[in-house]
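What follows is a set of notes on a single structure, which appears directly below.
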Amino acid sequence: MRPARLVALLFAGLVVAACDSPPEVPPEPTAADTIAMAVAAYDPAGFDSNAWDTPDEAIVRGSVVYQYSCVKCHGAQGLGDGGFVTRGDTLRPPAFNAEDWAFQGNLEGLRTHVFTGTEGGMPHWGLEGLQYRDVDAVSRFILDRLTAN
Ligand code: HEC
């Protein structure tokens, strides 16, 4: 067989082989999948190296993080009335200032919640690009400035 024919035959074989096995498209992860990924990635030791020169430094940084990442859903005062919500989105974040708020005085629990998110529409910030230090800062800001005490 002439080399050109051999090459053509080989090429045809490759095309057929390629058609036989279309590339697998992985399914889109569900909310439960991404929360599970965030839970698996979460390591409380990530907060160990957080050193703030003063408590205020954490609050100031947390306020910046809150403005950028949280206000659009939770609102400036943490009442759950951010632009996303008032413009008709179906998300309903709870207000942070209830007397019996779930995370009252619970920095540890709050940081975990912010990192992992929920299937109910709270983003998993640990996977969305917030560093542990910023998760810590925004949690301190919420506890210090937006809750009832
Ligand atoms: C896209 C909208 C959205 C953004 C942005 C968002 N959240 Fe949420 N958040 C929610 C929703 C919706 C819930 C309620 C989730 C549920 O009920 O499962 C929630 C719940 C929470 C809760 C639990 C409240 C409670 O009483 O149970 C905390 C704490 C919280 N978010 C903090 C934050 C912080 C901090 C940020 C910014 C880093 C942030 N959220 C950004 C939508 C958002």
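The values are calculated or read from the model by the stated rules, or taken from the named source; none is laboratory data. Fair warning: this is a prediction, and the values are worked out from it, not measured in the lab. Here the Cβ positions follow ideal geometry from the backbone for every residue, glycine too, while neighbour counts run over all protein chains shown.
Here are a few things to note about the model shown:
- Complete set of residues in the range 123-149 that are hydrophobic (A, V, I, L, M, F, W, C) and not in a helix (DSSP H, G or I): Leu130, Ala148
- Among the residues of the range 67-79, just one is surrounded by fewer than 20 Cβ atoms within 10 Å (Cβ to Cβ), within 8 Å of the ligand (Cβ to nearest atom) and either touching a residue at least 60 places away in the same chain (Cβ under 8 Å) or more than 17 Å from the chain's Cα centre (by Cα) (or both), namely Ser69.
- Near pairs, Cβ below 9 angstrom, 6+ apart or cross-chain, from the range 135-149 (of a type outside the set (Gly, Ala, Ser)) to any residue that is buried (at least 23 other Cβ atoms within 10 Å of the Cβ) and at pLDDT below 95: Val135/Gly126
- Residue match in the range 110-123 (condition: within 22 Å of Thr54 (Cα to Cα), surrounded by 13 or more Cβ atoms within 10 Å (Cβ to Cβ) and over 10 Å from the mean Cα position of the chain (by Cα)): yes
- From the options Gln131, Gln104, residue that is more than 6 Å from the ligand (Cβ to nearest atom) and within 15 Å of the chain's Cα centre (by Cα): Gln131
- Annotation: Arg87 fulfils all but one of (1) loosely packed, with under 13 Cβ neighbours inside 10 Å; (2) within 17 Å of Ala38 (Cα to Cα); (3) modelled with pLDDT under 95; the unmet one is (2).
- Some residue of the range 85-100 being within 21 Å of Tyr42 (Cα to Cα), near the ligand (Cβ under 8 Å from one of its atoms), among the hydrophobic types (A, V, I, L, M, F, W, C) and assigned to a loop (DSSP other than H, G, I, E, B): no
- Residue in the range 86-95 that is out of contact with any Lys or Arg (no Cβ under 6 Å at 6 or more places or on another chain), farther than 30 Å from Ser49 by Cβ and of a type in the set (Ser, Thr, Tyr) present: yes
- Candidates Val65, Val114 - the one that is closer than 24 Å to Tyr42 by Cα, outside any loop (DSSP other than H, G, I, E, B) and in contact with an Asp or Glu (Cβ under 7 Å, 6 or more places away or on another chain): Val65
- Thr147 being of a type in the set (S, T, N, Q) and under 14 Å from Gly46 (Cβ atoms): no
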